Amino acid sequence: MSTDALTYHYDSAQPTHMHAVFVPPVLARLQALQPTRVLDLGCGNGSLCRVIRDAGMQVEGCDPSEEGVQQAKAAHPDIPFVCLSVYDDPPPEWLGQFDVIVSTEVVEHLYDPRALPSLAKRLLKPGGVVLVTTPYHGYLKNLVISLLNQWDQHHTPLWLHGHIKFWSRKTLTQLFVEEGFQFVSFKGLGRLPWLWMTMLLEFQSSPR
């Protein structure tokens with residue numbers, strides 16, 4: 001199988017339907033934190049980076065999809081974008097330089113999800129923050145999916161590059177805490193409480 005077959009494809013730099021769900025709360029947290037430098041880890045086509053830039057923050061983006069990075073660069077030439085995955089060695093000049101790392105709807109696609117907090121830890125300044133979103137799973141939502149016989153559709157096994165990890169608040173927190181992060185907050189996003197579409201968790205690295 002070619003390398004091209006293993007990467008996402010992007011037709012434009014336009015946001016997806018999920019951006020309407022997670023962008024407002026992510027942006028609200030960024031505005032509260034007032035970071036000097038932000039990294040969008042798994043930036044796709046750069047649409048979230050544009051929103052962060054328009055809010056007056058310095059932002060950079062990275063993604064393993066060459067097509068996504070090309071779309072991002074063409075649409076937003078003033079924002080630095082790099083083709084990089086969570087499994088790659090980052091540029092040395094990035095180490096310990098970011099105040100906040102944002103990773104939206106990425107961790108559910110990773111074969112080795114521990115690579116994400118591990119890389120974030122290397123790139124953050126002491127006491128830096130990670131904001132991560134991923135589809136929410138919990139007892140009530142899982143029960144409703146079962147009662148409606150929707151697991152085949154929810155798991156979408158025929159979706160190329162689709163979701164391969166299904167996270168709850170507990171398991172995602174464990175992922176980051178095991179890497180030395182401190183849990184800060186949780187927020188369910190979209191739909192009714194406990195049936196949320198996705199969730200936003202915030203973690204803070206140690207001050208060293």
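Let me know the Kirkwood hydrodynamic radius for the range 4-143, please, with Cα pairs as the basis and the value in Å to one decimal.
Details: mean 1/r = 0.0651 Å⁻¹.
Across the range 4-143, the inverse of the average 1/r is 15.4 Å.
Using the Cβ-Cβ distance between Gln204 and Asp78 with R0 set to 30 Å, the FRET efficiency from 1/(1 + (r/R0)^6) comes to roughly 0.55.
Only protein heavy atoms count here; on that basis, with a 1.4 Å probe, Cys49 has an accessible area of about 0 Å². Remark on Val59: its backbone amide H falls under 5 Å from those of Val38, a criterion applied only to residues 5 or more positions apart or on other chains, H modelled at 1.01 Å from N. Across the range 116-177, Cα-Cα pairs more than 17 Å apart make up 55 percent of the total.
How big is the antiparallel share of DSSP beta bridges in the range 1-139, given as a percent to the nearest 5? Display every interim value, and only then the final one.
Working: 0 of 17 bridges.
Bridges in the range 1-139 are about 0 percent antiparallel.
Close amide H contacts of Gly128 (hydrogens built in the peptide plane, cut-off under 5 Å, sequence separation of 5 or more or a different chain): Ser205.
Could you please state how large a percent of the accessible area of the chain is carbon and sulfur, counting protein chains only and using a 1.4 Å probe? List each step's numbers first, then the result.
Values: 5950 of 10680 Å².
The computed percentage sits at 56.
Just report the Cα centroid separation between the range 61-109 and the range 140-156, whole Å. That distance is 32 Å. Normalised size of the range 60-208, defined as Cα radius of gyration per 2.2 N^0.38 Å with N residues, equals 1.12. Take Arg122: with every protein chain present and a 1.4 Å probe, its accessible area is about 110 Å². For Cys43, the residues 5 or more places off, or on other chains, whose built amide H falls under 5 Å of its own are Cys62, Asp63.
Can you give the accessible area per residue of the chain, in Å², using a 1.4 Å probe? Let's see the in-between values first.
Details: 10680 Å² over 208 residues.
That works out to 51 Å² for each residue.
Structural descriptor for the chain: relative contact order 19 percent, calculated from alpha carbon pairs under 8 angstrom and at least 6 residues apart.
Largest GNM mean-square fluctuation among Met197, Met57, Met18, using the chain with Cα springs under 10 Å: Met18.
The values are calculated or read from the model by the stated rules, or taken from the named source; none is laboratory data. Remember, predicted model here, so these are calculated numbers, not experimental data. Backbone-built Cβ (ideal geometry, glycine too); neighbour counts: all protein chains shown. Just the protein is used for accessible areas: all its heavy atoms, side chains included, with ligands, DNA and RNA removed. Shrake-Rupley method; radii C 1.70, N 1.55, O 1.52, S 1.80 Å.
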